[in-house]
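Below: the structure, in structure tokens.
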Amino acid sequence: MKRSRCFPAALLAVTALSTFNAAAQEPPLIRFGRGFAAEEQVWLMSARPELTPNQGKKYQLKQILFQANPERFQAFLAGELDGGTAPGLAVIFARARGVDMKIVASVCLEAAGREWFSTTYMVKDDGPVRSAKDLKGGTVGVVGIKTATDLWARAGLLNGSVVPDKDAKIFPMGFPGMGDAVRTGKINAGTFVEPFYSAEMARGGLRKLFTAVEAVGYDHELLDIWFGEKFLKAHPDTVRAFLADYVAVTKYYLANTAQAKRDLHKAGFVRTPLEIYLKNADWKRDPAARVDVASLDKLSKFMLEKLQWLEKPVDVRQMVDESYLPRQ
Amino acid sequence: MSRLVPFVLIGAALAGWEIMARSGLWSPLLFPSLANIGYEFAQFFSRTDRLLEAWTSLHRALGGFALAATTGVVIGMLMGRSAFVAGLLDPLFSGTYAVPKLALFPIFIFAFGIGSLSKVALVFLECLYPIVIITCHGARGVDRVLLWSAQNMGAARGEILRRVVVPATVPFIFAGFRVALPVALIVVIMTEMVSSADGLGYQVIYALASLKTDRMLALVVVIALLGWLLDKALVVMRDRLVYWEKLETYYV
């Protein structure tokens, strides 16, 4: 009788101990908030895990899709995310509001040059708008309020001495409807990113007014990787291992773009028809994932001084920490 | 004492919120204190431009609602009193009632433009359904004894409609209005959040994009207040017009 009582208790203790040991041996989980555009290297880390030797050994990666930045940051504030991707300007906003996060690596940049894609503002080909000046009294379609597309639109308007909100409306709408909205005159200019840019150019009837780089006047960070400061302090080696893999995947992506795109398409990260996706021009990506801090600094000053989007200056250099990236 | 009960519940909810905000467990960006929300609320009423945003939303909501009320009552009455009209329109209304009309908003933008008209049109469509269905139910359920009595007394068809059917249906019409009016406000705020450069919905999304949760919540309170005021106004109007039936019968 005594033996029969002891046996289940012993079994329970052994099971509990082995579970505890297994949990203790498991590498830390990174809960990573991702977006749905221009983050190919990040997606590739989940689509092709064999390219990331540290994954599963030094960290586990769980990517969670978010449609917009505020929701991503709210999830972070609620303790549901450890890090993620976000436009540099969104992190500037978040830092200005006291969110404890840091940019640790670059994903892609808006850069001038024929070999890179830069977000393009287009107007009706046979319409009266020839320059940003002609947008006075008009409407510019952007994908969201206080997003990068909003910033570039405002910068472009200001270049033509058109005061946003006063002389011209900024109107949020989805990328898919932007082309027809411009063609039918519902809006006077629209924001186009790939693959919509290529699709609309193929349809014809639209022409470029300015690009994001032309609007602000310099190459600048588009998307970055950020982590919460608490997570960075608690798991520095985990972040280093993650970024080592990330840089390796970035280099692989740049060297094997077509194959990587095929893999991402197959894994369901991209829904654009494959033949169009393969032809699309890509954003500039730094192979070492280094952050163009000076461009973020310029953007934050523009947001503060010209757009009044910030109530006080943000110390961009305090916001970026590249020490977790592999040494070059 | 019973009048105080709802306020006790609201007070408890506010106290619960403040405890969470002050607990330090969550970021103030997620749970701002009532003082911050109150400050933003006061700011809203001190600025003319923000009051104008409220007016923009209100006139869109009321415009769409008024159109739906006029059209919906006529259609509902016809469906309730005519087997032919009911046979014609009932499959259309019952078949499309559950469709989330907001999904049609991009089409509305292309049909009616990016301004107020597309939003008013969507409000009209969303409000039309409850008004038509509840009015139809009321018109169909008029007591037969009343109709027979009127006929026996020699009343003409038009007179029966005017003096029996309409008065018997009015409480249902107002019930439809009470369902549709908050829907109008919800739809207009949602359309402004999706695609607009003005209105309260735009202000909500602007505050959210700026990570100003306190301002966003203050706007939510303003919207709730507007909805409450509109409903109260409707109830006052109903009690004046339908003086023979107490509103309490709604809740039985």
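The values are calculated or read from the model by the stated rules, or taken from the named source; none is laboratory data. Computed from a predicted structure; not experimentally measured. Backbone-built Cβ (ideal geometry, glycine too); neighbour counts: all protein chains shown.
Observations on the model:
- Evaluating A:PRO164 against the criteria (1) closer than 26 Å to A:LEU109 by Cα; (2) touching a Phe, Trp or Tyr at 6+ places or on another chain (Cβ under 8 Å) leaves one unmet condition, (2).
- Here B:ALA103, B:ALA68 are screened, and the one residue that is within 14 Å of chain A (Cβ to nearest Cβ) and part of a helix (DSSP H, G or I) is B:ALA103.
- Just one of the listed residues (B:ALA168, B:ALA224) is assigned to a helix (DSSP H, G or I) and either hydroxyl-bearing (Ser, Thr, Tyr) or within 19 Å of the chain's Cα centre (by Cα) (or both), namely B:ALA224.
- When the residues of the range A:199-213 are filtered to those that are in contact (Cβ under 8 Å) with a residue 60 or more places away in the chain and assigned to a helix (DSSP H, G or I), the one that is surrounded by the most Cβ atoms within 10 Å (Cβ to Cβ) is A:ALA212.
- Condition check for B:ILE160: more than 22 Å from the chain's Cα centre (by Cα), β-branched (Val, Ile, Thr), more than 14 Å from chain A (Cβ to nearest Cβ) and in a helix (DSSP H, G or I): yes
- Tally of residues being more than 16 Å from the chain's Cα centre (by Cα) and assigned to a helix (DSSP H, G or I) across the range B:227-243: 3
- Residue in the range A:272-283 that is surrounded by 20 or more Cβ atoms within 10 Å (Cβ to Cβ) and either more than 19 Å from the chain's Cα centre (by Cα) or at pLDDT 95 or above (or both) present: yes
- The set of residues from the range A:267-286 being under 19 Å from A:MET45 (Cα atoms) and among the basic types (Lys, Arg) comprises A:ARG271, A:LYS284, A:ARG285.
- Positions within the range A:193-222 being in contact with an Asp or Glu (Cβ under 6 Å, 6 or more places away or on another chain), of a type in the set (A, V, I, L, M, F, W, C) and more than 16 Å from A:LYS124 (Cβ to Cβ), in sequence order: A:ALA212, A:VAL213, A:LEU222
- Matching residues in the range B:201-214 - criterion: being more than 7 Å from chain A (Cβ to nearest Cβ) and part of a helix (DSSP H, G or I): B:GLY201, B:TYR202, B:GLN203, B:VAL204, B:ALA207, B:THR213, B:ASP214
- Checking B:SER118 against (1) modelled with pLDDT of 95 or more; (2) more than 14 Å from chain A (Cβ to nearest Cβ), the condition it does not meet: (2)
- Residue match in the range B:143-166 (condition: exposed (fewer than 13 other Cβ atoms within 10 Å of the Cβ) and touching a residue at least 12 places away in the same chain (Cβ under 8 Å)): yes
- Evaluating A:GLU311 against the criteria (1) closer than 30 Å to A:ILE145 by Cα; (2) free of Cβ contacts under 8 Å to residues at least 24 places away in the same chain leaves one unmet condition, (2).
- The single residue among A:ALA258, A:ALA294 that is loosely packed, with under 15 Cβ neighbours inside 10 Å and closer than 30 Å to A:PRO313 by Cα turns out to be A:ALA294.
- Odd one out for B:SER46 among (1) among the polar types (S, T, N, Q); (2) surrounded by 15 or more Cβ atoms within 10 Å (Cβ to Cβ); (3) closer than 26 Å to B:ASP214 by Cα: (2)
- Flag for B:LEU217 being surrounded by 19 or more Cβ atoms within 10 Å (Cβ to Cβ), within 14 Å of another protein chain (Cβ to nearest Cβ) and in contact (Cβ under 8 Å) with a residue 40 or more places away in the chain: yes
- For the range B:44-65, the set of residues classified as of a type in the set (Lys, Arg) and in a helix (DSSP H, G or I) consists of B:ARG50, B:ARG60, listed by residue number.
Residue-by-condition table, conditions (1) at pLDDT below 95; (2) among the charged types (D, E, K, R); (3) touching a Phe, Trp or Tyr at 6+ places or on another chain (Cβ under 9 Å):
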{"residue": "A:PHE93", "(1), (2), (3)": "yes, no, yes"}
{"residue": "A:SER106", "(1), (2), (3)": "no, no, no"}
{"residue": "A:LYS124", "(1), (2), (3)": "no, yes, no"}
{"residue": "A:GLY137", "(1), (2), (3)": "no, no, no"}
{"residue": "A:PRO176", "(1), (2), (3)": "yes, no, yes"}
{"residue": "A:ASN188", "(1), (2), (3)": "no, no, no"}
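- Only one entry of A:ALA112, A:ALA68 meets the criterion of being surrounded by 13 or more Cβ atoms within 10 Å (Cβ to Cβ), at pLDDT below 95 and of a type in the set (A, V, I, L, M), and that entry is A:ALA68.
- Qualifying residues in the range A:280-328 (those that are part of a helix (DSSP H, G or I) and hydroxyl-bearing (Ser, Thr, Tyr)) - the one farthest from A:MET101 (Cα to Cα): A:SER295
- Candidates in the range A:151-170 are the residues that are within 14 Å of chain B (Cβ to nearest Cβ) and in a helix (DSSP H, G or I); of these, the one that is surrounded by the most Cβ atoms within 10 Å (Cβ to Cβ) is A:ALA153.
- Selection of the range B:185-225 for residues being of a type outside the set (Val, Ile, Thr) and in contact with a Leu (Cβ under 7 Å, 6 or more places away or on another chain) yields B:LEU185, B:MET190, B:GLU192, B:LEU200, B:GLN203, B:ALA207, B:LEU211, B:MET216, B:LEU219.
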